[in-house]
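What follows draws every value from the coordinates through simple rules; no lab data is involved. Keep in mind the model is a prediction, meaning the values are calculated, not measured. Note that each Cβ is placed from the backbone with ideal geometry, even for glycine, and that neighbours are counted across all protein chains shown.
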Amino acid sequence: MNKEDIKKSCLAAFFSIITIGALTILTYKTELGVFLIASFGSSMVLLFGYPE
């Protein structure tokens with residue numbers, strides 16, 4: 001891996017953690033979040049993990 005690939009991977013990991021964390025908070029603080037976490041959590045990992 002070159003430096004650019006590592007930078008993209010770290011950026012994707014950072015935003016995935018933020019997104020999944022926000023969905024986790026929604027799950028435990030609202031009644032609507034329970035329906036969001038499964039679908040959006042996996043979608044965000046794919047979106048941020050494979051942006052190209």
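What's the extension gain from Ile18 to Ser43 if we count 0.36 nm per residue and subtract their Cα-Cα distance?
Extending this stretch completely gives an extra 7.7 nm.
As a footprinting exposure proxy, order Met1, Met44 by other Cβ within 10 Å, with the fewest listed first.
On the way: Met1 8, Met44 19.
Ranked by crowding around the Cβ, least crowded first: Met1, Met44.
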